[in-house]
Amino acid sequence: MDVISVIRTKRDRGELSEAQIDWVVDAYTRGAVADEQMSALAMAILLNGMTRGEIARWTAAMIASGERMDFSSLSRPTADKHSTGGVGDKITLPLAPLVAACGAAVPQLSGRGLGHTGGTLDKLEAVPGWRASLSNAELMDVLDSTGAVICAAGDGLAPADKKLYALRDVTGTVEAIPLIASSIMSKKIAEGTGSLVLDVKCGSGAFMKNAADARELAETMVGLGTDHGVRTVALLTDMSTPLGLTAGNALEVRESVEVLAGGGPADVVELTLALAREMLDGAGLTDADPAKALADGSAMDVWRRMIAAQGGDPDADLPVARETHVVTAPRDGVLTRLDAYDIGVAAWRLGAGRARKEDPVQAGAGVELHAKPGEPVRAGQPLLTLHTDTPDRFAYALESVEGSYDIEETGGLMARPIVLDR
Ligand code: URA
């Protein structure tokens, strides 16, 4: 087998054979296929697509590139969720302890933010002392003792995806449905969860900007999970405006704790409960009542134990940025649009995100929202507060904020529902 013929097949809109797929994924993982060759193939896949059969084989080859975890020794059924990524998407933080409080085991292997979307691990690292990297034995211990664990995926899990994802990120080949679906599902299937709920984001702040693409991605991933014996469902959810009232690491932890304390913004609570219901049903816990577990403090108890089990202090003060800048409403009216992508870019430019994988993030940086689309605003009232440790970033962040909102005289658009489809 040679890589040039594999690239040519896809370049010329052909279908890759199972043998070609197995060989190229394995050879790339071993270093026998060079980055520039895999980049060419990834671009050919982005431009010419893959059949469902090719995607299934590609996913299987990525799973086979590493180890598979096994949670069958746990006494509880496992349930996991994956979001395709968005702005202000802190849902994993309240959701994992909530679903654990209702009786499932939640192994949540998570990632870091890149570009305008945030990452769960960066958010939790704002909690003083909290550790993202656990050995497989530590992961099992935390899961067994608290019911939930949120940590980094080990190096042994789908190593082909680790290499390929880093390459796609710097070659403009992230936004390809076959590559996104196989990337996400190879990790989730290798992780060994019994059931999986996918939160497929749709809108300006998501990879998938329109409903048709989001639906195709969702259907592809559900098919892959089901074929591998993982009970998989997907919700299509809105990412045209940030989730909740915060985008940024410590800011989002604070908001998540508010949800666990029975408060928090309505959209975050609604989506947390909708995903919890799906996860519990997938795990066979159809009688569990997640709204009750939020209200009676049992989800908060699991959160505190889960944070402490990973070295974090759930009572510690969260980091606060050194400087703030308030953006006020220029006129009276109704806020009819607040763009998720623009706010995500602003948070990133303030220091909440990173431009390169190795960059550090600022725990306190980000954007706080004081109004959501559909709400009335008065001239001069705070619309957004920008937070950063490095005030020279304000001007750059403000460039992204400038065109991020519309204020109209009358009602305009009302808020979209958060769950668009199932
Ligand atoms: N998340 C992933 O894990 N992989 C992708 O390709 C996109 C989002």
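The values are calculated or read from the model by the stated rules, or taken from the named source; none is laboratory data. Just so you know, these numbers come straight off a predicted model, no measurement behind them. Here the Cβ is made from the backbone with ideal geometry for all residues, glycine too, and neighbour counts use every protein chain on show.
Tabulated values for the structure
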read-out	value
Qualifying positions in the stretch 83-113 - under 21 Å from residue 181 (Cα atoms) and touching a helix residue (DSSP H, G or I) at 6+ places or on another chain (Cβ under 6 Å)	87, 91, 92, 107, 108, 109, 110, 112, 113
Of all residues making up the stretch 152-191, the number that are among the acidic types (Asp, Glu), surrounded by 22 or more Cβ atoms within 10 Å (Cβ to Cβ) and more than 9 Å from the ligand (Cβ to nearest atom)	1
Tally, over the stretch 342-366, of residues that are under 19 Å from residue 209 (Cβ atoms) and surrounded by fewer than 22 Cβ atoms within 10 Å (Cβ to Cβ)	0
Subset of the stretch 2-49 that is loosely packed, with under 13 Cβ neighbours inside 10 Å and among the aliphatic types (A, V, I, L, M) - its residue that is nearest to residue 63 (Cα to Cα)	19
Where a residue in the stretch 382-394 is part of a strand (DSSP E or B) and its partner, wherever it lies, is acidic (Asp, Glu), with Cβ under 9 Å and at least six apart	382/368; 384/368; 385/368; 386/323; 386/368; 387/323; 387/368; 388/323
Cross-chain or 6+ apart pairs with Cβ under 6 Å, the stretch 321-332 first and in contact (Cβ under 8 Å) with a residue 40 or more places away in the chain, then part of a strand (DSSP E or B) and hydroxyl-bearing (Ser, Thr, Tyr)	321/388; 323/388; 324/385; 326/385
Verdict on residue 59 being among the hydroxyl-bearing types (Ser, Thr, Tyr), modelled with pLDDT of 95 or more and away from the ligand (no atom under 16 Å from the Cβ)	no
Residue selected from the stretch 71-119 under the condition closer than 14 Å to residue 152 by Cα and within 12 Å of the ligand (Cβ to nearest atom), by the criterion farthest from the chain's Cα centre (by Cα)	109
Among the residues listed as 244, 223, the single one being assigned to a loop (DSSP other than H, G, I, E, B) and away from the ligand (no atom under 12 Å from the Cβ)	244
Some residue of the stretch 68-85 being touching a Phe, Trp or Tyr at 6+ places or on another chain (Cβ under 8 Å), in contact (Cβ under 8 Å) with a residue 12 or more places away in the chain and in a helix (DSSP H, G or I)	no
Residue satisfying condition, being over 26 Å from residue 235 (Cβ atoms) and more than 22 Å from the chain's Cα centre (by Cα), within set 57, 131	57
Filter result for residue 105 (in contact with a Lys or Arg (Cβ under 9 Å, 6 or more places away or on another chain) and modelled with pLDDT of 95 or more)	yes
Search result, residues across the stretch 259-281 that are over 20 Å from the mean Cα position of the chain (by Cα) and assigned to a helix (DSSP H, G or I)	281
Filtered residues of the stretch 195-209 (kept if touching a helix residue (DSSP H, G or I) at 6+ places or on another chain (Cβ under 8 Å) and either more than 12 Å from the ligand (Cβ to nearest atom) or basic (Lys, Arg) (or both))	195, 196, 197, 201, 202, 203, 204, 205
Flag for residue 230 being away from the ligand (no atom under 13 Å from the Cβ) and either closer than 21 Å to residue 356 by Cα or of a type in the set (Val, Ile, Thr) (or both)	yes
Hits in the stretch 151-199 (condition: among the hydrophobic types (A, V, I, L, M, F, W, C), touching a residue at least 12 places away in the same chain (Cβ under 8 Å) and in a loop (DSSP other than H, G, I, E, B))	153, 157, 158, 174, 176
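Let's see how each residue does on (1) surrounded by fewer than 20 Cβ atoms within 10 Å (Cβ to Cβ); (2) in contact with a helix residue (DSSP H, G or I) (Cβ under 6 Å, 6 or more places away or on another chain); (3) over 20 Å from residue 124 (Cα atoms):
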residue: 213; (1), (2), (3): yes, no, yes
residue: 228; (1), (2), (3): yes, yes, yes
residue: 232; (1), (2), (3): no, yes, yes
residue: 305; (1), (2), (3): yes, yes, no
